[in-house]
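Laboratory data are not the source of any read-out in this text; all were calculated from the coordinates shown. Because the structure is predicted, anything quoted here is derived from the model rather than measured.
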Amino acid sequence: MMFFLWIITFAIDFIIHFLFPALLGGLIVTGIVVALSDHGYDKAAAVVAFIGFLVVGYIIIF
């Protein structure tokens, strides 16, 4: 019984700490990059994408 509770707790912890921030951060960064590139700011879009990639990766790792 405790093993199943541990698996459920681990799954909830994984979703809250890893999956949700990664998806939300990815959507925010993608929205900003698409908006910038649509308005002709391609270099700024590349910088935002790179920084967003680092930030989302940092959130997932820590």
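Numbers below:
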{"item": "Overall Cα dimensions of the chain - principal axes, largest extent first, Å", "result": "57, 18, 8"}
{"item": "In order through the stretch 10-18: 3J(HN,Hα) via Karplus (6.51 cos²θ - 1.76 cosθ + 1.60), integer Hz, x for Gly, Pro", "result": "5, 5, 5, 4, 4, 5, 6, 8, 10"}
{"item": "Extension gain (nm, one decimal) between ALA44 and PHE18, 0.36 nm per residue minus Cα-Cα", "result": "6.6 nm"}
{"item": "For the stretch 47-54, 3J(HN,Hα) per residue [Karplus equation, 6.51 cos²θ - 1.76 cosθ + 1.60, θ = phi - 60°, Hz, x = Gly/Pro]", "result": "5, 5, 5, 5, 5, x, 4, 5"}
{"item": "C-alpha long axis of helix 20-38 to longest principal axis of the chain, angle in °", "result": "10 degrees"}
